[in-house]
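> Questions regarding the structure given below will be posed in turn.
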Amino acid sequence: MIVARLRSYSRVLMLAALTAPLVFSGCSTSALLTKVAIFKVNIKVVNENDEPIPGAIVQVTDGQQTTADQDGMASVKFAAAGVHVVTVTAQDRATATLRVTMPLDMGKTLTARLGQPVTMIGDIDININIGGNFMGSLAAGMMTQLYPLMFQALFAANGYNMELAPVKAGEWTEWETGDEDDPLVMRKAYLTKLDNGQEWWQVQIRGDEADDTIIMEVLFSKGRQSIRRMRQQSGDEEAAEVPVTEGWYAPPMELTPESLEGSVTKRGVDVKVPAGAFKADLMEFGVMGGGKIRMWRVKNVPGGVVRVEGVDDSGEVDWVSQLKAHGAGAKTMLGSY
């Protein structure tokens, strides 16, 4: 039995700050590009019952944005070959992410299925491993929807790779996100690389009690292009295999060194987080719809980031993720390899 104190859906989404998708606003270039685009793909946006979702917003990492029509259909165009990430959102729906490869997907109609989001208020007792009863089914449904959010938040975030320094096998980082008086704590660890290039990573969501923890160990394909396998343990329950489907995870795109350096607004600034005091480079990126993402880049920390903030148009900080601790020596806790 595990008391999964995932206090709200939005608190998990806050962790997307670590690798937030950076789609720059205020630029008309994408509109010009679509006029000369030679590649086109159609997006069909539906709900869990395959019914169309009119008005869904379809965004592309090159800055394009369009809206699904009454039949849930939208078209996007591309001026260049390669891999493009398309994010589809709608009010009160879980986000869907699609990878479009041009010219292989040219002319295709791809389906973006937006399910109902998970919303949890207060403390919810869930037993992940109860078979056949109502609570077991409810818990499984909640976690099925939470998995993609956690993996996007910690590994891809639907867009750009914002790990600014290498992570070595055995290294881990632990983050506090949300309310500073009662934060959600998550840990990410790179466990090992197999002979075939696949990588095992570990994610922990920790609560207040010793048995209030979820541990997941995830096997990525070579280059972390997809998730191939996953094991999970909830509280003191026995570790179990979790079914993995294609498309859970969209691999991040890499920003150029020039883009990263161009985002630096100050160097050698002092920043204090739960993990300690650091000298950092302050980086700022604009995001779709206005506002900014601020990141504090440091040396000698796995991943190279110690603090991330989301800032709205008025300059107010919406959310914060801070490094709580980091270290080495992480190993499998579930006998995954």
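> Can you list residues from other chains, or at least 5 along the same chain, whose modelled amide H is less than 5 Å from the amide H of Ala56?
So Ala56 has HN proximity to Ala68.
> Also: Per residue of the stretch 229-246, what does 6.51 cos²θ - 1.76 cosθ + 1.60 with θ = phi - 60° give for ³J(HN,Hα)? Whole Hz please, x for Gly and Pro, Karplus curve as stated.
With coefficients 6.51, -1.76 and 1.60, one gets 7, 8, 10, 9, 9, 10, x, 9, 5, 6, 4, 9, 6, 10, x, 10, 10, 5 Hz.
> Treating cross-link reach as a plain straight distance, find the lysines whose alpha-carbon is under 22 Å from the alpha-carbon of Lys331, omitting any fewer than eight places away in the same chain.
In chain and number order, the partners are Lys168, Lys188, Lys193, Lys222.
> Sticking with the crude label model, points 7 Å out along Cα→Cβ, report the distance from Thr192 to Lys272 in nm, one decimal please.
4.1
> Would you list which aspartates and glutamates come within 20 Å of Lys77, measuring only between C-alpha atoms, while excluding same-chain residues fewer than 8 positions from it?
By straight Cα distance, Lys77 reaches Asp62, Asp69, Asp105.
> Regarding the stretch 258-337, what is the average projected area of its C-alpha convex hull, in nm²?
7.7
> Now a separate question. Using amide H atoms built in the peptide plane, which far-off residues or other-chain residues are under 5 Å from Ser75 H to H?
Correct list: Ile43.
> Taking N as the number of residues in the stretch 37-113, what is its Cα Rg relative to 2.2 N^0.38 Å? All intermediate terms of the calculation are to be shown ahead of the outcome.
Values: Rg = 11.6 Å, N = 77, 2.2 N^0.38 = 11.5 Å.
Output field value: 1.01.
> Amide H to amide H, which residues 5 or more places from Trp319 or on other chains are under 5 Å from it, using H placed in the peptide plane?
Correct list: Gly310.
> Spin-label point model (7 Å from Cα, Cβ direction): what's the Tyr337 to Asp71 distance in nm?
Result for the modelled spin labels: 4.7 nm.
> Here is a further query. Treat each spin label as a single point 7 Å out from the Cα along the C-beta direction, and report the Arg228 to Thr245 distance in nm.
2.1
Read-outs: derived from the displayed coordinates by stated rules, not from any lab. Since this is a predicted model, take the numbers as computed values, not measurements. Note: ideal-geometry Cβ built from the backbone for every residue, glycine included; neighbour counts use all protein chains shown.
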